[in-house]
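A quick write-up on the structure given underneath.
The values are calculated or read from the model by the stated rules, or taken from the named source; none is laboratory data. Note that the structure is a prediction, hence the values are computed from the model and not measured. Here the Cβ is made from the backbone with ideal geometry for all residues, glycine too, and neighbour counts use every protein chain on show. Surface areas here come from the heavy atoms of the whole protein model, side chains and all, with no ligands, DNA or RNA. Shrake-Rupley method; radii C 1.70, N 1.55, O 1.52, S 1.80 Å.
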Protein chains: 2
Amino acid sequence: MKFQISHTDKNSKARAGEISTDHGTIQTPIFMPVGTAGTVKAVHQRELRDDIKAQIILGNTYHLYLRPGLEVIEQAGGLHKFNGWDKPILTDSGGYQVYSLSKQRKLTEEGAKFTSHIDGSKHFFTPENVMDIQRIIGADIIMAFDECTPYPCEYDYAKKSLDLTHRWLTRCCKRFDETQSKYSYSQTLFPIVQGSVYKDLREKSAEFIAEQNCEGNAIGGLSVGEPAEEMYAMTEVVCSILPFDKPRYLMGVGTPVNVLENIALGIDMFDCVLPTRNARHGLLYTQQGIINIKNEKWKKDFSPLDENGTSYVDKEYSKAYLRHLVHSQELLGAQIASIHNLAFYLWLVGEARNQIMAGTFMEWKNKMVKQLDVRL
Amino acid sequence: MKFQISHTDKNSKARAGEISTDHGTIQTPIFMPVGTAGTVKAVHQRELRDDIKAQIILGNTYHLYLRPGLEVIEQAGGLHKFNGWDKPILTDSGGYQVYSLSKQRKLTEEGAKFTSHIDGSKHFFTPENVMDIQRIIGADIIMAFDECTPYPCEYDYAKKSLDLTHRWLTRCCKRFDETQSKYSYSQTLFPIVQGSVYKDLREKSAEFIAEQNCEGNAIGGLSVGEPAEEMYAMTEVVCSILPFDKPRYLMGVGTPVNVLENIALGIDMFDCVLPTRNARHGLLYTQQGIINIKNEKWKKDFSPLDENGTSYVDKEYSKAYLRHLVHSQELLGAQIASIHNLAFYLWLVGEARNQIMAGTFMEWKNKMVKQLDVRL
């Protein structure tokens, strides 16, 4: 993996760059649609590529490990071959899902024991086997196994957890270095900064992570319920320490406003379930603000879904039609809204990139953040 | 509406023709995907047009009347404008759904009282208002209001019901003739032959329906549970009486084998929920037979979904991937399987047409019906 910064913004920490992987290049800043179980929910791979213009998608190690399972993915020749997406893929480490989805889990120095949310079967994730699992899944970018602390989180717990995450990282790096890609392309490992909302812990973690000298770095444990201002404060602290010349990935973030504010702080990569999950509930993100398509006011609004939208669904379907589909719980409603929202997120980061390149980013960003949260 | 027969088969009653409507032409024999509430479930309009190559779709009057309701559809400028499908549409009369979906319904000479399956609200369908409703929905082909008898059905009930359906038809035709299309294109009314599985009732009904001199005719009350042989026997009786030079529509039929056998008996138009409903449960129709994609045998079958398939999903996705999606209840599973099955049905009727034109229909049909029901 290579990362080249094309332009840095004079009025902020924003940067425009390009990540090169064996599955193609990614122009940053970038948003990565979440493809939980090897599928971005309700969206065809063709639509991801041609209509949404996704450049990289995410897979969840926890979900893929449980179903379809490693044997199937390995025999397919890795996740790219299995799901037919031949651009870059990033997998998370499964740590977050072990805590958020599993009914029973127990954390020890060795790793995390948990029961499957699907069938109650028992499993054990360790830093070592999570590296092995991600070798088998075969994502271009794989993530270290960490503990994602909740919010709020006591200082003492956050500190202890951070130390564990760091010890686990050392084991992750060792295992990663001792093993090789199973397929014909290379993989790279991103470590994750933790430390909850505590500045000193975040600094300590960012320094430790920077020392690993990985090809890219991530920030975890944010967007878990803390006020946006705390998130931005932590991002700022961490970005001031993480190496400038390597991509920075802010995990699980966020709303369109969160994305723009964090780009201004020096973040290059984002992922979030918001655009797809909210799509399935009829919430649409647009340049003018947020539309709850279920509202009565759209019932007889036969104007295109989004006049300024960049995907074909924005012109082909009306607001009134989508409202009807969502109200009727028709699958096509989720499909249309998911394409719209993801295309909007990809437009947003692409336009941020254009503005950075043109030297007009902050002016544009400040105008946009006022508009994006408006309820239409 | 115009109907022109291009070729008739020498060894059967099969015919290849072309129906012209103000929304374009339909090559027969044709299968019409069912778009219940103004959407063919899980399928984009673009996919219907470009990948499935649908020439006409169905809408359900009962569903559309309840939701989004006539006010919305009328203000949109009719169903085509509302859902963005600008090729021909056919609407059923709602009679079938009143009996199959509504929790409470009462039949009188005047019409059918029923309660909505959505919110329990009370409604009343009559031959007259069902014509008015279909004028507002604005389908190119609209259907008479009838009673669809169940199977099995006592002779006396079938006879009484048939007489009521005929009296209702007279009222439908009167109202249809007294009213005009609300939009800038013409509509045509198809009457429906009933009579359960009783030859004399079917003959009587077919004669009455033929006398109405409508531009096309339909056969209802079949594919409701009777053995296939009884269905074919009734189709044969009715087709021998219905005018040769008008399209014949067999409602709610059926499996791929049912479709081919009825084409051989002189049917031109079909609709059925099987390809879409079964798709959502992982059942795929192919030239080689039926695949239950949930079965263990497909777990590590990474071959394309259907080597002989005509739509892009057949090449882009593997059997193992679709199996994973269906098992995981991912929306994309329903989407892929629905496109595959509908594209297969459209291929099937298109190929039947080619074979009729080439004079090789019966040989091909007899070979196909042996294969299509095989469980793979």
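The table below lists the values:
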quantity: Interface burial for B against A (accessible surface, 1.4 Å probe, total of both chains, Å², rounded to 100); calculated: 3700 Å²
quantity: Shielded by partner chains, region A:300-319 residues - at least 20 Å² of accessible area, 1.4 Å probe, vs chain alone; calculated: A:K300, A:F302, A:Y312, A:E316, A:Y317
quantity: Rounded to 5, the percent of DSSP beta bridges in chain B classed as antiparallel; calculated: 55 percent
quantity: Under 5 Å, built H, 5+ apart or other chain: amide partners of B:M32; calculated: B:F270, B:D271, B:C272
quantity: Solvent-accessible surface (1.4 angstrom probe) belonging to A:K87, in square angstrom, nearest 10; calculated: 70 Å²
quantity: Accessible area expressed per residue, the protein assembly as shown, with surrounding protein chains retained (probe 1.4 Å, Å²); calculated: 37 Å²
quantity: Accessible area (Å², 1.4 Å probe, nearest 10) - A:Y65; calculated: 50 Å²
quantity: Exposure ranking of A:K315, A:K370 by accessible area [1.4 Å probe, largest first]; calculated: A:K370, A:K315
quantity: Too-long pairs where the Cα-Cα distance tops 28 Å, listed order kept, from B:K53/B:K199; B:K2/B:K81; B:K159/B:K367; A:K41/B:K182; A:K297/B:K41; calculated: B:K53/B:K199; B:K159/B:K367; A:K41/B:K182
quantity: Closest approach to the axis - chain A beta-carbon, rotation onto B, Å; calculated: A:L331, 3
quantity: Carbon plus sulfur fraction of accessible area for region B:255-376, probe 1.4 Å, in percent; calculated: 48 percent
quantity: Across the identical copies, how the B:G77 labels are spaced - nm, sorted shortest first, 7 Å along Cα→Cβ; calculated: 4.8
quantity: Order of exposure, largest accessible area first, which applies to A:V374, A:V326 with probe 1.4 Å; calculated: A:V374, A:V326
quantity: Surface accessible to a 1.4 Å probe, B:M362 within the full protein complex, Å²; calculated: 40 Å²
quantity: Distance between region A:1-44 and region B:1-76 - C-alpha centres, whole angstrom; calculated: 43 Å
quantity: Reduction of at least 50 Å² in accessible surface, 1.4 Å probe, comparing all protein chains with the chain by itself, residues of region B:56-78; calculated: B:R67, B:V72
quantity: Mean Kyte hydropathy of 0.0 or more with a Cα span along the axis of at least 30 Å, helices from DSSP in chain B; calculated: B:331-358
quantity: Candidates A:R46, A:R353, A:R280: whichever shows maximal mean-square fluctuation once chain A is modelled as a Gaussian network with Cα springs under 10 Å; calculated: A:R46
quantity: DSSP-defined antiparallel bridges as percent of all bridges, the protein assembly as shown, nearest 5; calculated: 55 percent
quantity: Alpha-carbon centroids, region A:271-347 and region B:199-232: separation in whole Å; calculated: 44 Å
quantity: Residues in region B:326-362 that, when all protein chains are in place, have 20 Å² or more less accessible area than the chain alone would give (probe 1.4 Å); calculated: B:H327, B:S328, B:E330, B:L331, B:L332, B:Q335
quantity: Label 7 Å beyond Cα on the Cβ vector: B:S121 copy-to-copy distances, nm; calculated: 4.8
quantity: Extended-chain gain in nm, criterion 0.36 nm per residue less alpha-carbon gap, A:N129 and A:K297; calculated: 55.3 nm
quantity: Copies compared at B:N292 - label distances in nm, ascending, label defined 7 Å from Cα in the Cβ direction; calculated: 4.4
